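**Q** Can you keep this structure in mind? I'll have questions shortly.
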Ligand code: NI
Ligand code: MN
């Protein structure tokens, strides 16, 4: 399985000839190296409606004839704007042709329209995280969330994608606690250094995990790892 960091909380995941994208915030993302038109995927997963996650999802979904996979209310928002969609909700899983997606809780908000040129802000249900399983390899994308003890029920997974930016989500110390609960083989920090409010040193996160049985992969936008 190839996991490519696209900056902020956006990742593409490739396995067995299938590619999906999560939280495709590329336009206006100072970290992004890919453009929406470069993205070729068969599904677009979105954790919540905030502009730094919904991002280019509608454009990419339309260009690829790919469904938006997200909580029900957010899928409705997207299909009303012309995309295909597969509504899901927290705790539910579904076997897609490319793999299994299960939605987890995330403690955060979910409104739209905060981006430039967006519609008036509206609430689009609850935010979520995703567990993506393709060919037996599992990845947990936490979305935007604070630490919660039920993370212990999500793992073990092969790879966890965890926010460390603080302010809007977990910071480094809570993300270390999250690793202890989830027990991933590999962890990739996300949602940091995109903006001044979420400035963090990922090397501090790595140092604080030095006694843990986990590989900490700090990857730059455009870089990939194989798990
Ligand atoms: Ni958010
Ligand atoms: Mn965010």
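**Q** If the requirement is being in contact with a helix residue (DSSP H, G or I) (Cβ under 9 Å, 6 or more places away or on another chain), crowded, with 19+ Cβ neighbours inside 10 Å and either within 14 Å of residue 9 (Cα to Cα) or at pLDDT below 95 (or both), which of these qualifies: 176, 157, 187?
**A** 187
**Q** Restricting attention to strands (runs of 3 or more DSSP E) lying wholly within region 91-178, give those where 3 or more residues are in contact (Cβ under 8 Å) with a residue 60 or more places away in the chain and either closer than 21 Å to residue 202 by Cβ or within 15 Å of ligand 2 (Cβ to nearest atom) (or both).
**A** Values: elements: 93-96, 99-105, 128-134, 137-141, 159-163.
Result: 128-134, 159-163.
**Q** Further question: Please state which of the following conditions residue 78 fails to meet, knowing it meets all the rest: (1) part of a helix (DSSP H, G or I); (2) over 16 Å from the mean Cα position of the chain (by Cα); (3) surrounded by fewer than 23 Cβ atoms within 10 Å (Cβ to Cβ).
**A** With (1) part of a helix (DSSP H, G or I); (2) over 16 Å from the mean Cα position of the chain (by Cα); (3) surrounded by fewer than 23 Cβ atoms within 10 Å (Cβ to Cβ) applied to residue 78, the lone miss is (3).
Listed here are the residues, each with its yes/no results for (1) under 26 Å from residue 166 (Cα atoms); (2) crowded, with 16+ Cβ neighbours inside 10 Å; (3) at pLDDT below 95.
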site	(1), (2), (3)
97	no, no, no
108	yes, yes, no
123	yes, no, yes
130	yes, yes, no
134	no, yes, no
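**Q** Still on this model: Can you tell which of 39, 69, 60 is under 23 Å from residue 161 (Cα atoms) and under 15 Å from the mean Cα position of the chain (by Cα)?
**A** Only one candidate qualifies: 69.
The values are calculated or read from the model by the stated rules, or taken from the named source; none is laboratory data. In this text, all values refer to a predicted model and were calculated from it rather than measured experimentally. Please note: Cβ atoms are built from the backbone with ideal geometry, for glycine as well, and neighbour counts cover all protein chains shown.
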